[in-house]
Amino acid sequence: MSEDFDLGKLLGERAGEGHRLQGRMLNPQLPRMLHAIGFDRTYTRAEGAYMYDAEGRDYLDFLSGFGVFGIGRNHPVVRDALHQTLDADLADLIQFDSPLLAGLLAEKLLARAPHLERVYFGNSGTEAVEAALKFARFATGRPRIIYCDHAFHGLTTGSLSVNGAAEFRDGFDPLLPDTRIPLGDLEALEVELRKGGVAALLIETIQGKGVLEPAPGFLAAAHELLKAHGALLICDEVQTGVGRTGKFFAYEHEGVQPDIVTVAKALSGGFVPVGATLAKDWIFEKVYSSMDRVLVHDSTFGSNAMAMVAGLATLKVIEDEGLIENAERMGALLLSELTDRIGKYEMLTEVRGRGLMIGFEFGKPRSLKLKAGWNTLQTARKGLFAQMVVVPLFQRHRILTQVSGDHVDIIKLLPPLTIGEREVERFLDAFDDVMRDAHKGTGLMWDFGRTLVTQAVKRG
């Protein structure tokens, strides 16, 4: 008989080895990157909007696992629900059954999108997108998907085919035959529709890379064009959904009713991966048109009990704690305060976003003193200044943020929907401190910048 598994003992015996094991047996570049920017910390626990290291120091999480921890880390309601699931000894993943929990979660999701009728459950955002691509192609009988510049819909082959960032696509061709248009360009969309063969437009209501969104009214006008040409509108809500923008789905801000919607990340509660593809009944009826096609699109671990319970408990927390409304309030506060700082810091040029999905962009300063430093950084690598803000925010103030994309001077804030005024104030105080350094041309951020420039020159 095997001995009991002791997680605490295992973690204690191997504490601090994560970066070494990652470099040796997993992604070799990840620990190198973390070390280069000083992010190679070892966290021992997490709660809500905070992570803690072995010394008990707190780190304010304004990244939330790329949006996974919408309700914060280790929420007790979801954790308890998962304990209940384990203790229930459920018959799970039978495959030839109709699991009740999947039906209950589908019911809850569709109540948030009453114009849609059916749900497919997978295990991730990219799987949700893959399902959407397949369903749109099959239901319309057409091969082409239109997507937008700078789009990010996942990294599996189908999702990668509608990824608007070259750094992810390079080296993986040939991909599926799809067509890219500029974000918000109605004329370009119409040109492609007239060529024929278009199954759908796939679009993030707010793009994660750069926190970019089309002009107001674009989605509604695009949907009318698509309908006129027999094509579908797919809204990717993998990051924007589940309350992130101050609405349950971000497309609600524009008053549209997409034909297909994808959701994941925050639906997991931060515990069990889950992805969902919501669509109109006729689309599912086409895909699953007979008993012979009952498993034509499926996933072994889709609809598993733990994922379904995590989703159900997460939706209950969001409703009970008013997190959508909180995202709207705290987001408005952050947007207002950051926008007020545009005139104060000449390198801060734009602040944008909805709810607690906020991007702020830096641009060339006016003063000669700052302009010289800016030009040096841009020559070394575009986007380096934003990284020079992210690093001292973390190293000096223990606030985790990210540069929103490659070769851009945009920082994205994606905190848990649970944050309050205390967290907003801590971030703003830290941001002010870092930006004061930037305008003096001194301090940690400029030291870091000079180091990276030197490294870039050595690499040639």
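The values are calculated or read from the model by the stated rules, or taken from the named source; none is laboratory data. Model, not experiment: these values are computed from the prediction. Cβ sites come from the backbone with ideal geometry, for glycine too, and all protein chains shown count toward neighbours. Note: areas computed on protein heavy atoms with side chains; ligands, DNA, RNA excluded. Shrake-Rupley method; radii C 1.70, N 1.55, O 1.52, S 1.80 Å.
Quote the FRET efficiency, to the nearest 0.05, computed for D53 versus R422 with a Förster distance R0 of 25 Å and r equal to the Cβ-Cβ distance. In this case the efficiency is close to 0.80.
The phi-based Karplus calculation (6.51 cos²θ - 1.76 cosθ + 1.60; θ = phi - 60°) puts the 3J(HN,Hα) values of segment 185-202 at 8, 5, 5, 5, 4, 5, 4, 5, 5, 5, 5, x, x, 8, 7, 6, 9, 9 Hz, whole numbers, x for Gly and Pro. Mind running the shape call on segment 154-264? Use the C-alpha gyration tensor, a ≥ b ≥ c as the square roots of the eigenvalues: rounded below 1.5 for a/c, prolate if a/b tops b/c, oblate otherwise. The shape class here is oblate. A protection proxy built from the mean count of other Cβ atoms within 10 Å ranks the segments 190-196, 228-234, 172-178, 72-78, most packed first, as 228-234, 72-78, 190-196, 172-178. Centre-to-centre separation between the Cα atoms of segment 311-333 and those of segment 151-201: 33 Å. Counting only DSSP beta bridges with both residues in segment 136-279, the antiparallel share comes to about 25 percent. The label-point distance for L155 and R341, in a model that sets each label 7 Å from Cα toward Cβ, rounds to 3.0 nm.
Solvent-accessible surface of protein heavy atoms, probed at 1.4 angstrom with all chains present, puts F69, F96 in the order F96, F69, largest first. Residues whose amide H lies under 5 Å from that of T349, counting only those 5 or more places away or on a different chain, are E361, F362, G363; hydrogens are built 1.01 Å from N in the peptide plane. Rolling a 1.4 angstrom probe over the protein heavy atoms with all chains in place gives the chain an accessible area of 46 Å² per residue. Backbone amide hydrogens, once placed in the peptide plane, bring R118 within less than 5 Å of A279, D281, excluding anything fewer than 5 places away on its chain.
I need the shape label for segment 20-102. Rule: rounded when a/c is under 1.5, else prolate if a/b > b/c, else oblate, with a, b, c from the alpha carbon gyration tensor.
Numbers: a/c = 2.71, a/b = 1.72, b/c = 1.58.
Because a/c hits 1.5 or more and a/b exceeds b/c, segment 20-102 counts as prolate.
Annotation: amide H of I145 within the under-5 Å range of T179, A199, sequence separation 5 or more or interchain, hydrogens built in the peptide plane. In sequence order, segment 248-261 has phi-based couplings of 4, 10, 5, 5, 4, 4, 9, x, 9, 10, x, 7, 9, 9 Hz under the Karplus curve 6.51 cos²θ - 1.76 cosθ + 1.60, θ = phi - 60°, and Gly or Pro positions carry x.
To the nearest 0.05, how large is the calculated FRET efficiency for A88 and D281 if R₀ is 45 Å and r is the Cβ-Cβ distance?
Values: r = 32 Å, r/R0 = 0.71.
So, using R0 = 45 Å, E works out to roughly 0.90.
Among beta bridges from DSSP that stay inside the chain, the antiparallel ones total about 65%.
What the phi angles of segment 340-352 give under the Karplus curve with 6.51, -1.76 and 1.60, with θ = phi - 60°, is a coupling list of 4, 8, 4, x, 7, 10, 5, 7, 7, 10, 7, 10, 8 Hz, glycine and proline written as x. To put it simply, the accessible area of the chain at a 1.4 Å probe is 54 percent carbon and sulfur.
By the gyration tensor of its Cα atoms, with a ≥ b ≥ c the square roots of the eigenvalues, what is the shape of segment 270-375: rounded for a/c under 1.5, prolate for a/b over b/c, or oblate? Before the final figure, lay out each step's value.
Numbers: a/c = 3.46, a/b = 2.27, b/c = 1.53.
It is prolate, given that a/c is not under 1.5 and a/b is the larger ratio.
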